[in-house]
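Engineer: Pasting in a structure now, in structure tokens, and then I'll have a few things to ask.
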Amino acid sequence: MTTDALIAPPARQSAARGAQLDAATLLFALDLMAAMAWLLQALAVLPAEARPDPAHLLAYPALWLLFLYALGFYRRDALLETRRMLGRLPLAAALSTAVAASASLLPLPGEPGHVPVLVGNALLGLTLAGALARIALAGLRGAGVCKRRVLVIGAGRRAWDLALLLRREGRAGAYDFAFAHHPAMGEVDPRLTADTAAPVLPASSDFLALARGFGADQVVVAPDERRGLDMRALLDCRIAGYPVVDYLSVLEREIGRVDLKRLELGWLLFAQGFDAGALDRAAKRVVDVVVSLAVLLLTGPFLAAAALAVKLQDGGPALYRQNRVTQGGRVFSIMKLRTMRIDAEKKGATWAQQGDPRVTATGRFLRRTRLDELPQLINVLRGDMSFVGPRPERPEFTRELAAQLPLYEERHRVRAGLTGWAQVNYPYGASLDDARSKLSYDLYYVKNFSVLLDLRIILQTLRVVLWPGSGVR
């Protein structure tokens with residue numbers, strides 16, 4: 001394919017950059033419109049005696065949107081698997097409706113007599129609203145509305161890796177690539193020349209003409225050899241309104257992790273991040289205490305019942321203490337409900353594994369429901385841990401992993417957490433490769449920490465509890 005064949009009319013070029021939407025943002029907008037449509041329907045259909053006061057009525061769509069996010073309906077995998085998520089919509093509607101209906105029974109203005117009629121309407125109406133929003137998104141995606149067109153400068157191994165990871169994990173879900181290459185940038189990766197859907201264009205000094213011709217949304221700089229790269233030509237793209245981004249920054253933003261395989265310390269040094277201040281840390285501690293106390297209050301009866309079940313199974317202790325590593329490499333004693341046999345580690349520290357035979361029958365249930373982790377809320381209140389952060393590892397394993405994984409100790413820049421960015425994005429695993437993958441998420445968290453990110457992780461933990469193993473992107 002020639003450069004001339006890629007040239008688009010000016011109107012199409014301007015629309016390409018202005019109209020490309022993130023699929024998750026578009027779906028949220030569709031859900032918001034669907035929620036408002038349900039609200040108008042409820043006001044029109046419900047008899048006057050079945051209508052609550054406005055604050056209670058608004059709680060139904062507001063909580064529905066919140067539970068959609070918490071249950072992972074805006075994640076990449078959910079956007080690509082419409083049928084599976086349609087089957088989960090009734091659960092989101094049921095949870096949000098139950099919470100909203102419970103709030104309606106509080107001693108606030110309004111009579112609780114409206115609840116039965118409104119609950120039925122909300123369960124059916126919000127489920128249908130969510131289904132229509134996702135069917136509409138599928139149609140829009142099929143028309144290419146959310147597809148991103150990326151002009152990659154370079155066509156070597158680095159460019160191939162970029163395209164591979166974005167297609168596999170990128171949050172947009174769909175990409176069109178074109179690669180601009182010059183012999184000075186190194187060898188062309190043969191896998192790119194075999195991909196007829198992603199043309200390799202001869203890189204003249206006019207990157208702007210190539211971007212316009214391809215109708216690019218952004219320009220990503222990813223040559224294997226940067227020497228001789230025409231910075232003025234890239235600046236022309238930037239001035240013309242095309243985002244010009246380094247490939248490592250694109251990967252971090254689009255896949256939500258720091259890719260260790262391609263990491264360059266120079267990029268890590270100059271990239272944005274690692275800028276959390278004293279106010280951020282203070283706000284994080286407030287969130288830790290408030291959320292931990294709230295969860296302890298809500299789950300106290302379940303925790304007591306679980307501890308009794310562990311005790312009755314084999315007569316051993318209900319609680320299990322173990323040394324773990326937290327911020328600054330400090331070792332502390334973590335508390336968990338015991339899920340393994342009493343003699344599980346008579347031969348010394350051993351990696352846990354999927355289907356571990358040392359786990360008791362009660363322990364399997366506790367692990368699946370995450371009830372075994374609840375005593376760690378005491379560690380959070382003590383200040384040993386945070387509610388959100390990298391999961392704490394044992395000192396023996398930490399030394400082993402630090403010797404094999406570069407930057408592993410950087411995850412100890414913050415307190416260890418009860419849940420974390422790796423936990424909501426990666427399934428359970430206990431091998432070196434799993435540790436490497438989890439580290440890529442932990443480094444992203446340490447680099448981009450904010451209280452808002454903590455709140456997002458706390459909400460998405462609900463999805464992991466309900467559907468264990470759903471952390472795969």
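Any read-out appearing in this document is the output of simple, stated calculations on the displayed coordinates, not a laboratory observation. What you are looking at is a predicted structure, and each value in this text was computed from that prediction instead of being measured. A quick note on method: Cβ atoms are made from the backbone with ideal geometry, for glycine too, and the neighbour counts reach across all protein chains shown.
Engineer: Report ³J(HN,Hα) in whole Hz for each residue of the range 400-413, in order, from the Karplus equation J = 6.51 cos²θ - 1.76 cosθ + 1.60 where θ = phi - 60°; Gly and Pro get x.
Structural biologist: The phi angles translate into 5, 6, 5, 6, 10, 10, x, 6, 4, 5, 5, 5, 8, 5 Hz.
Engineer: Stick to the Cα atoms of the range 218-340, pair each with every other, and give me the Kirkwood hydrodynamic radius in Å at one decimal.
Structural biologist: 20.2 Å
Engineer: Additional query: For Val414, Val220, what ranking results if the residue with the fewest other Cβ atoms within 10 Å of its Cβ goes first?
Structural biologist: Val414, Val220
Engineer: Then there is this: Would you mind getting me the FRET efficiency between Leu381 and Arg358? Use the beta-carbon distance for r and R0 = 45 Å, nearest 0.05.
Structural biologist: 0.95
Engineer: Give me the extension gain from Ile239 to Ala62: residue separation times 0.36 nm, minus the current Cα-Cα distance, reported in nm with one decimal.
Structural biologist: Once the chain is fully extended between Ile239 and Ala62, it gains 59.7 nm.
Engineer: Let me ask you something else. Using each residue's phi in the range 131-148, evaluate 6.51 cos²θ - 1.76 cosθ + 1.60 at θ = phi - 60° and report the 3J(HN,Hα) Karplus result to the nearest Hz, with x for Gly and Pro.
Structural biologist: My calculation for the range 131-148 gives 5, 5, 4, 6, 5, 5, 5, 4, x, 5, 5, x, 7, x, 5, 9, 6, 9 Hz in order.
Engineer: Where does the Debye-calculated log10 I(q)/I(0) of the chain sit at q = 0.06, 0.10, 0.12, 0.13 Å⁻¹, using only Cα point scatterers of equal weight, no solvent?
Structural biologist: -0.34, -0.91, -1.17, -1.27
Engineer: Take the alpha-carbon centre of the range 288-338, take the same for the range 401-438, and report the distance between them in whole Å.
Structural biologist: Taking the Cα centre of each part, the range 288-338 and the range 401-438 sit 21 Å apart.
Engineer: Oh, and also: Determine Rg/Rh for the range 54-98; Rg is computed over alpha-carbon atoms and Rh is the Kirkwood hydrodynamic estimate from the same atoms.
Structural biologist: Radius of gyration over Kirkwood radius for the range 54-98 works out to 1.04.
Engineer: Oh, and also: Given H placed 1.01 Å from N in the peptide plane, which residues other than close sequence neighbours of Arg148 have an amide H under 5 Å from its amide H?
Structural biologist: Residues meeting the criterion, in which the H sits 1.01 Å from N, are Ala174, Tyr175, Asp176.
Engineer: Which Rg and Dmax, in Å, describe the Cα atoms of the range 278-466?
Structural biologist: 16.1, 47
Engineer: Which whole-Hz ³J(HN,Hα) couplings does the range 31-40 yield from phi under the Karplus relation 6.51 cos²θ - 1.76 cosθ + 1.60, θ = phi - 60°, glycine and proline marked x?
Structural biologist: Taking θ as phi minus 60°, the curve returns 5, 5, 5, 5, 5, 5, 5, 4, 4, 5 Hz for the range 31-40.
Engineer: Another question, then. If you scale each eigenvalue of the Cα gyration tensor by 5 and take the root, what three semi-axes come out for the range 374-466, rounded to whole angstrom and sorted largest first? Display every interim value, and only then the final one.
Structural biologist: Working: eigenvalues 82, 45, 36 Å².
Taking √(5λ) for each Cα gyration eigenvalue gives 20, 15, 13 Å.
Engineer: What number in nm² do you get for the range 21-142 if you take the convex hull of its Cα atoms and divide its surface by four?
Structural biologist: Mean orientational projected area (the range 21-142, Cα hull): 7.0 nm².
Engineer: What residue among Ala307, Ala98, Leu126 has its Cα farthest toward the positive end of the dipole of the chain, where the charges are +1 on Lys, Arg and -1 on Asp, Glu, each on the Cβ?
Structural biologist: Ala307
Engineer: Compare the Cα positions of Leu234, Ala44, Pro223 along the charge dipole of the chain (+1 at Cβ of Lys, Arg; -1 at Cβ of Asp, Glu; about the Cα centre) and return the one farthest towards the positive end.
Structural biologist: Comparing the listed Cα positions along the dipole, Ala44 ranks first.
Engineer: Once you charge only the Cβ atoms, +1 for Lys and Arg and -1 for Asp and Glu, what is the size of the charge dipole of the range 361-401 about its Cα centre, to the nearest 20 debye?
Structural biologist: The calculation lands at about 200 debye.
Engineer: Over all directions, how big on average is the projection of the convex hull of the alpha-carbon atoms in the range 147-255, in square nanometres? Please list the in-between numbers first.
Structural biologist: Working: hull surface 23.7 nm².
For the range 147-255, averaging the hull's shadow over all directions gives 5.9 nm².
Engineer: Take each of the peptides 59-65, 265-271, average the number of other beta-carbon atoms within 10 Å over its residues, and list them starting from the highest.
Structural biologist: Descending mean neighbour count gives 59-65, 265-271.
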